[in-house]
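The values are calculated or read from the model by the stated rules, or taken from the named source; none is laboratory data. From a predicted model like this one, the values you see are computed outputs, not experimental measurements. Every residue, glycine as well, gets a Cβ built from its backbone with ideal geometry; the counts of neighbours run over all protein chains shown.
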Amino acid sequence: MAAETKTHLLIQHKDRDWDVEVDPEKLRRPILDRAGIVDLNHAFELLPEKLKQKCGTYPNINGFEPWPMIHELRQEVRSILHRHEYVYGGRENNEHWLYPVTQDGLIAQIADTKLFQRLFGVHQLGPNREYPLHNHHSRAQHSIHLSINAARTLQALHDNNPDLLVQKARADLIATQLAEEDMSNQEILNLYTDILITTTMIHDLATPAGGDTIKYLLNLDEEKDLRWLLSQNPELLKALQDRGFDERHVAFCIACVQGKSDSLIGQMIHPPEGDYMDWDRISYTLFDGLAIQLFTPDVPESLLPEELGEVDSFNLYMGLQSAIEALDSGATAVLGVHDKVLPGSLIDTSENYVLDTQGRLICTRPDRLAWLSAYRSWMIARHYAGHQMLGVEWELQQRLRELIENGITNDILTMETLLTITDRQLYDELLNLGDTELNQIIGRIRSTAGTTLFTGIVKSEKEKDGRCYAQFPLKIKPGFDSLVSDNGKVITLGEWVKQNNRLLSSFALQQSLDRFQGKWIVIYEV
């Protein structure tokens with residue numbers, strides 16, 4: 001790496017230029033560095049108090065003051081550290097505004113493989129890119145977002161108690177025969193970081209073109225298919241060989257993805273049992289909220305309250321209500337949810353964890369975690385499992401099922417094909433079949449206006465008279481088994497919500513469970 005000669009941050013604010021002398025080493029975070037992430041949240045703290053104060057503090061953020069300042073900071077830190085930003089998805093990374101990815105880290109190294117590049121063409125939420133909420137983000141963007149959050153957590157655990165983290169990481173690696181007893185603490189930490197990032201980056205690699213709609217149609221198991229996919233494509237393993245990886249390391253990553261590992265990484269990505277707000281759930285709740293404009297870009301932690309107060313909770317509740325009202329409005333497509341400054345970092349728990357002596361993850365901000373659970377629960381019921389989303393997916397599945405029975409799509413709808421093509425390629429191939437009904441469905445999927453063919457209602461019981469078009473059970477997993485710290489005691493999130501039932505977060509969460517848990521979404525044709 002080039003010698004670090006620049007030691008000044010030059011921030012050009014509208015009323016003056018600020019020249020801030022910094023030690024380049026203070027801009028570095030060892031785990032984030034290895035993953036290939038620059039921590040602008042940390043760098044922001046090095047700015048003079050007078051400059052930071054110009055941003056205000058939440059909820060009194062001074063307009064959009066923070067973001068131009070962070071943009072300046074982004075350029076300056078990159079210059080000081082001689083790091084080149086990794087541009088993915090055809091544009092600069094704005095999804096994680098405070099944590100840009102660099103070209104020299106493991107995230108970018110994996111993202112450059114052909115296996116991962118395909119995910120930029122696989123939509124995160126299936127066919128519906130335009131309705132009921134405008135959402136164009138991909139599985140690749142989600143995977144990078146997840147990787148950044150997971151690395152931030154590992155860094156926070158290291159900052160809090162490096163000995164405890166290394167002890168847990170060493171035990172996990174020795175138990176899986178991936179480490180020797182005489183490995184140094186730094187070697188253990190480097191290897192564990194690499195395994196975590198590899199796990200998060202590959203967790204959606206086996207998502208077929210068409211997403212869950214096609215997966216459920218063909219009864220594909222993307223976690224099992226991941227093992228097959230990697231065995232047929234050695235490209236990823238070759239990219240990891242310079243980090244000391246072999247088939248055993250990749251097998252451990254796959255076990256964590258499949259929910260077959262009780263390691264710390266397994267707990268974070270796919271806990272083997274229980275109902276936890278794992279990092280996959282947390283990441284897509286935050287990222288989907290940003291994509292549909294429910295959240296505004298993140299702001300530095302120092303601009304946020306140490307504990308969510310009444311005003312903060314009221315704003316979060318009203319933001320959630322705005323989204324619910326938009327989804328319940330009957331509009332074919334909703335292009336924006338609200339115009340409030342509601343940064344996703346307000347409920348982001350990524351850096352709010354500690355390890356206890358048993359190696360368990362404990363969230364130190366249950367107020368944030370409860371809001372994450374509330375937002376996720378409502379989004380499941382009203383967006384992911386809403387009548388507009390499920391209606392067109394069911395319509396597409398039904399028509400494809402009929403074509404499969406007639407032997408028309410056999411060459412297209414195979415696991416081997418679907419794991420090598422993008423959504424666009426899939427729909428283009430399906431259009432080439434020349435089936436009029438199928439073409440109309442795909443046309444509606446690709447339309448900004450979406451479909452007006454379906455309406456829906458939530459019912460306590462399954463409809464039995466056959467009048468509905470389709471119906472699906474609603475299963476909300478609020479993550480109530482997640483462990484949180486409350487006044488020095490470790491309890492579950494479920495216990496915390498019950499004990500704090502007068503808080504708006506608990507109210508919103510319980511409201512969603514009362515309204516949707518164990519119910520049915522019943523869909524009708526208009």
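Applying the selection to region 107-127, what residues are assigned to a helix (DSSP H, G or I), under 15 Å from the mean Cα position of the chain (by Cα) and under 26 Å from Ala385 (Cβ atoms)?
Leu119, Phe120, listed by residue number.
Would you confirm whether any residue within region 450-472 is within 14 Å of Leu369 (Cβ to Cβ) and among the polar types (S, T, N, Q)?
Checking region 450-472: not a single residue is within 14 Å of Leu369 (Cβ to Cβ) and among the polar types (S, T, N, Q).
Give just the number: which of (1) touching a Phe, Trp or Tyr at 6+ places or on another chain (Cβ under 9 Å); (2) surrounded by fewer than 20 Cβ atoms within 10 Å (Cβ to Cβ); (3) modelled with pLDDT of 90 or more does His71 not satisfy?
(3)
Quick one: count up the residues across region 398-418 that are in contact with a Phe, Trp or Tyr (Cβ under 9 Å, 6 or more places away or on another chain) and modelled with pLDDT of 95 or more.
Qualifying residue count, region 398-418: 0.
For residues that are more than 15 Å from Arg139 (Cβ to Cβ) and not polar (S, T, N, Q), scanning just region 282-293, find the one that is surrounded by the fewest Cβ atoms within 10 Å (Cβ to Cβ).
The extreme case among them is Leu290.
Quick check, is Ile254 touching a Cys at 6+ places or on another chain (Cβ under 9 Å), of a type outside the set (D, E, K, R) and crowded, with 18+ Cβ neighbours inside 10 Å?
Criteria not met by Ile254.
Would you mind stating whether Glu222 is within 19 Å of Gly244 (Cα to Cα) and acidic (Asp, Glu)?
In short, no.
Taking only pairs six or more apart or across chains, which ones have beta-carbon atoms under 7 Å, a first residue in region 384-406 that is in contact (Cβ under 8 Å) with a residue 12 or more places away in the chain and assigned to a helix (DSSP H, G or I), and a second residue that is surrounded by 16 or more Cβ atoms within 10 Å (Cβ to Cβ) and of a type in the set (Asp, Glu)?
Hits for this filter: Leu403/Asp435.
What's the number of the only condition in (1) on the phi > 0 side of the Ramachandran plot; (2) in contact with a His (Cβ under 6 Å, 6 or more places away or on another chain); (3) not aromatic (Phe, Trp, Tyr) that Gly36 fails to meet?
Just one mismatch for Gly36, condition (2).
Output yes when any residue across region 24-36 is among the small types (Gly, Ala, Ser), in contact (Cβ under 8 Å) with a residue 24 or more places away in the chain, surrounded by 15 or more Cβ atoms within 10 Å (Cβ to Cβ) and within 26 Å of Asn185 (Cα to Cα), and no when none is.
Yes, there is a match, as at least one residue in region 24-36 is among the small types (Gly, Ala, Ser), in contact (Cβ under 8 Å) with a residue 24 or more places away in the chain, surrounded by 15 or more Cβ atoms within 10 Å (Cβ to Cβ) and within 26 Å of Asn185 (Cα to Cα).
Search region 298-319 for residues being in contact with a helix residue (DSSP H, G or I) (Cβ under 6 Å, 6 or more places away or on another chain) and not in a loop (DSSP other than H, G, I, E, B), and hand back the single one that is modelled with the highest pLDDT.
Glu301
Please tell me if Leu46 is at pLDDT 90 or above, surrounded by fewer than 17 Cβ atoms within 10 Å (Cβ to Cβ) and outside any strand (DSSP E or B).
yes
Determine, yes or no, whether Glu21 is in contact with a strand residue (DSSP E or B) (Cβ under 8 Å, 6 or more places away or on another chain) and without any contact (Cβ under 8 Å) to a residue 60 or more places away in the chain.
The answer is yes for Glu21.
What about Glu393, is it buried (at least 17 other Cβ atoms within 10 Å of the Cβ), touching an Asp or Glu at 6+ places or on another chain (Cβ under 9 Å), within 26 Å of Lys224 (Cα to Cα) and not β-branched (Val, Ile, Thr)?
yes
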